[in-house]
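Please read the structure below before turning to the comments.
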Amino acid sequence: MKEFMFIYQGGDPDWMKNTSSEEMAAIMKCWEDWMTKLQEADQLVTGGSPLHFEGKRVTPDMVITDIAAAEFKELVSGYSIVRADSLEEAAELGKSCPIFQSPGVSLEIRQVVKMS
């Protein structure tokens, strides 16, 4: 099987402070169930982690800038790595991902290149 990175993009940067503990628990349960299902099918490499929306960008000429709020829809907000036989199979796994419970998100899927 090949490995594929699920790259979660976009979302609401204020989600954590605007979400009730009950809503957060329900969403986290969906993530736990989804990852358990992948793990039981030997398709989960790592659940990954969410990422903070704020960050810095370093350009090739060594200029450091803040990532602008206007770029939130393009920001990577988290990742997971899964196993699948093909990109198409990974995309089908992606359809069941709980990330789509959040508004304004997209899922990019990229094969992990094994360096040898």
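Exactly one of (1) surrounded by 13 or more Cβ atoms within 10 Å (Cβ to Cβ); (2) at negative phi; (3) part of a strand (DSSP E or B) is unmet by residue 90. Its number?
Residue 90 satisfies every listed condition except (3).
Checking residue 109 against (1) in a strand (DSSP E or B); (2) without any contact (Cβ under 8 Å) to a residue 60 or more places away in the chain, which single condition isn't satisfied?
Of the numbered conditions (1) in a strand (DSSP E or B); (2) without any contact (Cβ under 8 Å) to a residue 60 or more places away in the chain, the odd one out for residue 109 is (2).
Does the range 4-16 hold any residues that are over 9 Å from the mean Cα position of the chain (by Cα), crowded, with 17+ Cβ neighbours inside 10 Å and at negative phi, and which are they?
From the range 4-16, those over 9 Å from the mean Cα position of the chain (by Cα) are 4, 10-16; that's our starting set.
Next, only the ones that are crowded, with 17+ Cβ neighbours inside 10 Å stay: 4, 10-11.
Matches in the range 4-16: 4 only.
Based on what the data block shows, is residue 116 open to solvent by less than 40 Å² (accessible area, probe 1.4 Å) and more than 18 Å from the chain's Cα centre (by Cα)?
On the way: open to solvent by less than 40 Å² (accessible area, probe 1.4 Å): no; more than 18 Å from the chain's Cα centre (by Cα): yes.
Answer is no for this residue.
Can you pull out every residue in the range 40-58 that is over 18 Å from residue 94 (Cα atoms), part of a loop (DSSP other than H, G, I, E, B) and either open to solvent by 100 Å² or more (accessible area, probe 1.4 Å) or modelled with pLDDT of 90 or more (or both)?
52, 54 - these are the residues of the range 40-58 that are over 18 Å from residue 94 (Cα atoms), part of a loop (DSSP other than H, G, I, E, B) and either open to solvent by 100 Å² or more (accessible area, probe 1.4 Å) or modelled with pLDDT of 90 or more (or both).
The values are calculated or read from the model by the stated rules, or taken from the named source; none is laboratory data. All values derive from a computational prediction rather than experimental measurement. With ideal geometry, Cβ positions are generated from the backbone for all residues, glycine too; neighbour counts draw on all protein chains shown. These area figures cover heavy atoms from the full protein model, side chains too; ligands, DNA and RNA do not enter into them. Shrake-Rupley method; radii C 1.70, N 1.55, O 1.52, S 1.80 Å.
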